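Everything below concerns the one structure shown next.
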Amino acid sequence: MAGPSIRNWELARVLSTRNRVTLAAPGEPRRRSDAFEVRGYDAEVLAQLVPQHDVVQTYGGLVERYPVLAEARHLVVDLYDPYPLENLHLYEASYPEVGLRLNAKDREVLTRLMQRGDLFLCASDRQRDFWTGWLAAAGRINPYTHRADPALRSLLRVVPFGVPAEPPQRGAPRFKGIEPGVAADDFLVLWGGGIWNWFDPLTLIRAAGKLRDRLPKLRVVFPALGSPSPASPPMVMAAEARQVAAELALTGSVVFFGDQWVPYSDRGSMLLEADVGVSLHREGVETRYSFRTRVLDYLWGGLPVITTEGDSLADLVRSESLGAVVPYEGVDAVADALHWMATHRWRRLRCGRRCRAAAIRFQWPSAARPLLAYCEAPSTAPDQGQPMPMLTWPHDDPEPPHGPVPDAPTSGVNGLQPATFPPGGPGPIALAQPRVGKPSVLDRIGNAYRDGGLHEVAHRGAGALRRLVPPQQ
């Protein structure tokens, strides 16, 4: 299973300890649980399931595809994966016009989703800052939500990705002594997930090339390159990784590429078989707000971590001595870290014990606690169903038509000049969504009429004509 499926499965397992839970998956489910019901869904099935449940959790574009989800009594939106930032890397190979259209679609879909949710989940405090900005832009940080909870903890809660409470179990080896070219006593470096365009496997491969003579037992394994979902497009970076390994003559001797995802129930054994876990990424805005779930897997498996700087889990690795944090594209730094871990076995094992201890705070029962608390007493967001006033488009005139208010105060909060209005106070407020782009002539006439009747329409019309007709010499 890929990350979103793992997260939904584990959250369902925790929620089922106190609730009746249904996990709805597209198509025919291939996995069952004794703790909760697993249902395949289409539009017809969702129309039956939504009214039968008090809380519905969703993410991404599902509400656009299945509008019935928006009819949930209480709608929870999972934002743990800031996919609009990831998708910027997917659009890199497209023509700019295509990328702009797709980016605009992501933005529109996500903004509409944010206008519908009662509760939003994110994976870290850093993500919380990112999504707070998006919620503000979507109009969800307003007097209603602020009055109910100035800290907005009831609207946006941190529910990180997690790890099982049970320790991983060792099973039959998958690589050592099994994969041709990998001996039972080799030093196994694991890339524990797919290769997406925002990752940097090239630095790891080049570092392995530099160590070929110094560490003849070094083996780097990429169990699978793409996504288990057939809907995911092929990744350019995965092809580049194969190409670089081939150019350096490392494929099949030092670097090994698999083509099948390890079953979810077997991944613990794979982690225990490895000696080091690596997660390297490119510099960019996606990195800053990411939450690398494979790093959590390494901690759960007691694997020292080598990771690139820039994200919140890299900060954790550095602060708690859980491995090595390297600079972007730091081939020499990665090579040095691998060499040190391979030649200092006892220190590496002590680092692994620290990793297992650090993973405890991310166990799913702890990670899911804020969502579990909400499900015990679900509530509708305080601004849902309330009128959301938006000021009409500003006048074209650079000065108010009637001049500033006499004797207006000359200082305001923080020393700023307060807004001035015509006599009688500010104009009316329109109950409407903000308009994108410049208003039409009819909109301007309507705004003028609401502000001052026919006299105001004539006043502004005359001003517009004066700007259009050049003065006579």
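The values are calculated or read from the model by the stated rules, or taken from the named source; none is laboratory data. Just so it is clear, the structure is predicted and the values come from calculations on it, not from any experiment. Methodologically, a virtual Cβ is constructed for each residue, glycine included, from the backbone with ideal geometry; neighbour enumeration extends over all protein chains shown.
Taking region 83-113 as the search range and keeping residues that are in contact (Cβ under 8 Å) with a residue 60 or more places away in the chain and exposed (fewer than 13 other Cβ atoms within 10 Å of the Cβ), which one is farthest from the chain's Cα centre (by Cα)? By that ranking, first place goes to Ala93.
Considering only region 291-301, state which residues are within 14 Å of the chain's Cα centre (by Cα) and either assigned to a helix (DSSP H, G or I) or more than 15 Å from Ile195 (Cβ to Cβ) (or both). Can you show your working first?
Residues of region 291-301 within 14 Å of the chain's Cα centre (by Cα): 291-293.
Within region 291-301, Phe291, Thr293 meet the criteria.
Reported count of residues in region 267-288, each being under 22 Å from the mean Cα position of the chain (by Cα) and part of a loop (DSSP other than H, G, I, E, B), is 4.
Please specify each residue of region 127-139 satisfying the condition of being crowded, with 16+ Cβ neighbours inside 10 Å and in a helix (DSSP H, G or I). Selection gives Gln127, Arg128, Phe130, Trp131, Thr132, Trp134, Leu135. When Val68, Val21 are screened for being under 27 Å from Asp297 (Cα atoms), surrounded by 15 or more Cβ atoms within 10 Å (Cβ to Cβ) and either in contact with a helix residue (DSSP H, G or I) (Cβ under 6 Å, 6 or more places away or on another chain) or without any contact (Cβ under 8 Å) to a residue 40 or more places away in the chain (or both), only Val21 passes.
Test Pro26 against the criterion of being under 24 Å from Leu110 (Cα atoms), free of Cβ contacts under 8 Å to residues at least 24 places away in the same chain and in contact with a Phe, Trp or Tyr (Cβ under 8 Å, 6 or more places away or on another chain), and give yes or no.
Yes.
Take the residues of region 124-141 that are in contact with a helix residue (DSSP H, G or I) (Cβ under 8 Å, 6 or more places away or on another chain) and of a type in the set (D, E, K, R): which is farthest from Leu316 (Cα to Cα)? Here the answer is Arg140. Tell me whether region 60-69 contains one or more residues that are charged (D, E, K, R), at pLDDT 90 or above and closer than 28 Å to Pro164 by Cβ. Taking every residue of region 60-69 in turn, none turns out to be charged (D, E, K, R), at pLDDT 90 or above and closer than 28 Å to Pro164 by Cβ. Arg350 fulfils the conditions (1) within 29 Å of the chain's Cα centre (by Cα); (2) of a type outside the set (S, T, N, Q); (3) modelled with pLDDT of 95 or more except for a single criterion, (1). Name the single residue, out of those in region 134-148 being within 27 Å of the chain's Cα centre (by Cα) and in contact (Cβ under 8 Å) with a residue 60 or more places away in the chain, that is farthest from Pro304 (Cα to Cα). Here the residue is Tyr144.
What's the number of the only condition in (1) assigned by TED's automatic domain parsing to the domain that holds Ala314; (2) over 27 Å from the mean Cα position of the chain (by Cα); (3) of a type in the set (A, V, I, L, M, F, W, C) that Val182 fails to meet? Val182 satisfies all of (1) assigned by TED's automatic domain parsing to the domain that holds Ala314; (2) over 27 Å from the mean Cα position of the chain (by Cα); (3) of a type in the set (A, V, I, L, M, F, W, C) except (1). Considering only residues in region 235-275 that are of a type in the set (A, V, I, L, M), in contact with a Gly (Cβ under 7 Å, 6 or more places away or on another chain) and surrounded by fewer than 18 Cβ atoms within 10 Å (Cβ to Cβ), the one that is nearest to Ala342 (Cα to Cα) turns out to be Leu272. Taking the numbered list (1) farther than 25 Å from Gln127 by Cα; (2) in contact (Cβ under 8 Å) with a residue 40 or more places away in the chain in turn, Val50 passes all entries but (2).
Any idea how many residues of region 317-345 are in a helix (DSSP H, G or I), hydrophobic (A, V, I, L, M, F, W, C) and either in contact (Cβ under 8 Å) with a residue 40 or more places away in the chain or farther than 15 Å from Leu296 by Cα (or both)?
Adding up the residues that qualify gives 9.
Filter region 140-163 down to the residues that are of a type outside the set (A, V, I, L, M, F, W, C) and in contact with a strand residue (DSSP E or B) (Cβ under 7 Å, 6 or more places away or on another chain), then identify the one that is surrounded by the fewest Cβ atoms within 10 Å (Cβ to Cβ).
Kept after step one, since they are of a type outside the set (A, V, I, L, M, F, W, C), are these residues of region 140-163: 140, 142-147, 149-150, 153-154, 157, 160, 162.
Now narrow it down to the ones that are in contact with a strand residue (DSSP E or B) (Cβ under 7 Å, 6 or more places away or on another chain): 157, 162.
Numbers: Arg157: 18, Gly162: 24.
Among residues in region 140-163 that are of a type outside the set (A, V, I, L, M, F, W, C) and in contact with a strand residue (DSSP E or B) (Cβ under 7 Å, 6 or more places away or on another chain), the one surrounded by the fewest Cβ atoms within 10 Å (Cβ to Cβ) is Arg157.
Of all residues in region 151-166, at least one satisfies being at pLDDT 90 or above, out of contact with any helix residue (DSSP H, G or I) (no Cβ under 7 Å at 6 or more places or on another chain), assigned by TED's automatic domain parsing to the domain that holds Gly27 and aliphatic (A, V, I, L, M). Regarding Ser290, is this residue modelled with pLDDT of 95 or more, in contact with a strand residue (DSSP E or B) (Cβ under 8 Å, 6 or more places away or on another chain) and hydroxyl-bearing (Ser, Thr, Tyr)? No; evaluated as a whole, the condition is false for this residue.
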